[in-house]
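For reference, the structure discussed in these notes is given below.
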Amino acid sequence: MAENNAKNSNIEYTAVRRKVKYPRLEFKTGKLLLVLPENQRSHVEVIEKHRKWIHEKNKFIQMALKHSKKKKLVGRPEGEFKKLAKSIVKGYADEGDFPIEHLFFRKMNSKWGSCSNKKNLTLNTLMKYLPQDIIKYIIYHELVHLREKRHNSSFWKAISSEFPDYERKEKELFAYWFKIQKTVMK
């Protein structure tokens, strides 16, 4: 439930209280959402503590929103997307020793994919709107999580070995996310 809308140095945000242990900041929709534990009284100290991160992330998000206007979505049927994704997963599994148990597809609200401890890979069906090279990047990114759970230096080293331009691809993913949210999800 939204607690309030507030403004902090020209960045609007909404604070909500949920059953969480620690406060967190989210920019998933392009707007700042502050998620607070139910028993936390004030959100001001959280905003102050993360002011620099908030401004940097907001600048990045605004750039992604601007770039999203130029992105073209692919009109790929879901069946074709699933066939493509299965082929890419199989290729990486065969060549890179990424054993997965199951591959699942479902519409996800906040991420492109996920990898579980049980070696299950779940891909967002919204990926069907993405170019093939971006789909390939997302799949590889998720498969690397089988080896490295966190986005640490070892993780990014593995990513850069396959995708030296991974920083550009990460930025493109944000732009495509916002394009899909405005075009498909409205």
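The values are calculated or read from the model by the stated rules, or taken from the named source; none is laboratory data. Here the structure is a predicted model, which is why all the values come from computation and not from measurement. In this analysis, Cβ positions are derived from the backbone assuming ideal geometry, glycine residues included, and neighbour counts consider all displayed protein chains.
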Determine if segment 94-101 includes at least one residue that is within 22 Å of Pro131 (Cβ to Cβ), out of contact with any helix residue (DSSP H, G or I) (no Cβ under 9 Å at 6 or more places or on another chain) and in the same structural domain as Lys179 (by TED's automatic domain parsing). yes
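Quick grid of which residues meet (1) within 17 Å of Leu65 (Cβ to Cβ); (2) assigned to a helix (DSSP H, G or I); (3) not aromatic (Phe, Trp, Tyr):
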position: Thr122; (1), (2), (3): no, no, yes
position: Leu126; (1), (2), (3): no, yes, yes
position: Leu146; (1), (2), (3): no, no, yes
position: Lys169; (1), (2), (3): no, yes, yes
position: Ile180; (1), (2), (3): yes, yes, yes
For segment 44-52, indicate whether the set of residues that are exposed (fewer than 11 other Cβ atoms within 10 Å of the Cβ), part of a helix (DSSP H, G or I) and at pLDDT 90 or above is non-empty. yes
Consider Phe98 carefully, then state whether it is in contact (Cβ under 8 Å) with a residue 24 or more places away in the chain, assigned to a loop (DSSP other than H, G, I, E, B) and of a type in the set (Phe, Trp, Tyr). yes
Counting only residues in segment 28-39 that are surrounded by fewer than 16 Cβ atoms within 10 Å (Cβ to Cβ) and of a type outside the set (Asp, Glu), the one farthest from the chain's Cα centre (by Cα) is identified as Asn39
